[in-house]
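I have placed the structure first, in the form of structure tokens, so that the comments after it can refer back to it.
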């Protein structure tokens, strides 16, 4: 097959391009800019466009498919050419469904935790030599790409994102997969630029639960009231399996998971991650891995990239970075680090970076989210607010939203770095939460202050 990618440089898109190239497809693509690591990975595979920009002449009638990324606009010249020629146009999730129509589709959905749960499942399957197709949203140790597609594997494991499919397909991605086995980890309002009300956002998960194929299975977090309500009301799944956070203890900075064989040390920590683990166990059992084998494999799981990822440690200090940006995830992550290191001072730094987090109407949801930290810092860039065409937010609004008098707020990247690298850490846990990089912070430099 001949396939052309419009906006090939995206994190998800370039991984799909690499997977199809490995599968033997003829792959081409375009983009107006491509950053690392996509640039080098595409170059090494011979897929990096010769020059940046959009070139309608790349679109011809002999293409079998065009895959359209969210980065492109609806008036993209290559898209318009494909539409005029009648070339089949797929969104990213549409094409994944086409590749997996004859497989057992396992889809992990939820406002938070889906990347971690998908990574846990994939780690366990890989540990025991179970080959599956997959797509997940973060790089995982031991895997070259985030997408793997074959003709032969029976299962495909998909991280089910609720964001939109493409510029011309406004359906959430996870509505298109029609899972045979599905999981919902939790619901906390996000993507308010697309889902303007909480009710509208929740409705997407109701649709997802009822998109399960006939005879399918729904695994769900029974500790989330909204998820529980949706799961119990869903009529599509034949079987439903609730899960809850398993018993565990923390001793000297190590989390011990209670198992039928007794306490077992694990690398991941925090109640939210133990809850994720319980969901992953159910899914693995439905994919042919028994409980004992699950525990054996999960003990060596180090976590997905940017999800409570340890970036430095000394005898007295430790530093983590995390992708957390939604209020519920920020609170869960901050609480988890404090629980893991109760005797250490916790300094929690949050960058407000996403559309939702920089929206003044959304800010109030962050109240109390950093309370577990002895020292709390918020960074945001007024320039990012302007680029997203949002109403300006003031430091006063940040203080009011987080409801914390000693909160430190930075709006200048250099001033934040001066604060960070001026810290004198002593028996401290440093937590950096962001889906960005604090205006250009090199996380490797954190070791200088530990």
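Please rank 250, 385, 106, 330, fewest neighbouring Cβ atoms within 10 Å first, as an exposure proxy.
Numbers: 250 15, 385 19, 106 28, 330 25.
Ascending Cβ contact count within 10 Å gives the list 250, 385, 330, 106.
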### Summary
Per the C-alpha gyration tensor (a ≥ b ≥ c, the square roots of its eigenvalues), region 284-369 is rounded if a/c is under 1.5, else prolate if a/b beats b/c, else oblate; here it's oblate
### Query
Using alpha carbon centroids, what distance separates region 175-236 and region 317-346, in Å?
27
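For each of 102, 190, count neighbouring Cβ atoms within 10 Å of the residue's Cβ, then give the residues from fewest to most. Before the final figure, lay out the partial values.
Numbers: 102 9, 190 24.
Listed from fewest to most nearby Cβ atoms, that is 102, 190.
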### Message
Using a 7 Å offset from the Cα along the Cα-to-Cβ direction at both residue 60 and residue 214, what is the distance between the two label points in nm, to one decimal?
### Response
4.4
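Multiply the residue gap between residue 88 and residue 193 by 0.36 nm, knock off their C-alpha separation, and tell me the result in nm, one decimal place. Could the numbers behind the result be given before it?
On the way: separation 105, 0.36 × 105 = 37.80 nm, distance 2.87 nm.
Full-extension gain reported as 34.9 nm.
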### Query
Once the piece of chain linking residue 250 and residue 50 is laid out straight, how much longer is it, given 0.36 nm per residue of separation minus the C-alpha distance between them?
66.7 nm
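Dividing the convex hull volume of the Cα atoms of region 63-132 by its residue count, what figure in Å³ per residue is obtained? Walk me through the numbers before you get to the answer.
Working: hull volume 8.8 nm³, N = 70.
Hull volume normalised by residue count: 126 Å³.
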### Task
Place a label point 7 angstrom from the Cα of residue 290 along the Cα-to-Cβ direction, then list the residues of region 247-281 whose backbone nitrogen is under 19 Å away.
259-262, 281
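Where both residues lie in region 54-173, what percent of DSSP beta bridges are antiparallel, nearest 5? Working shown, then result.
Working: 4 of 16 bridges.
About 25 percent, rounded to the nearest 5.
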### Query
By how many nm would the segment from residue 152 to residue 26 lengthen if fully extended, with 0.36 nm per residue of separation less the alpha-carbon distance?
43.4 nm
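Taking R0 as 60 Å, what FRET efficiency do you get between residue 98 and residue 415 from their Cβ-Cβ distance, rounded to the nearest 0.05? Let's see the in-between values first.
On the way: r = 49 Å, r/R0 = 0.82.
Step by step, r from the Cβ atoms, then E = 0.75.
Go ahead and run the numbers for FRET between residue 305 and residue 397, Cβ-Cβ distance against an R0 of 30 Å, rounding to 0.05.
0.40
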#### Entry: Zone of residue 232's modelled label, taken as backbone nitrogen in region 264-285 under 15 Å from a point 7 Å along Cα→Cβ
none
### Size of the chain as Cα extents on the principal axes (Å, biggest first)
64, 52, 42
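Nearest 5 is fine: what % of DSSP beta bridges in the chain come out antiparallel, could you say?
Numbers: 18 of 72 bridges.
If I count the DSSP bridges inside the chain, around 25 percent turn out antiparallel.
Since every read-out is calculated from the coordinates, none of them should be taken as a lab result. Remember, it's a predicted structure, so these values are computed and weren't measured experimentally. When we count neighbours, we look across all protein chains shown, and the Cβ atoms used for this are built from the backbone with ideal geometry, even at glycine.
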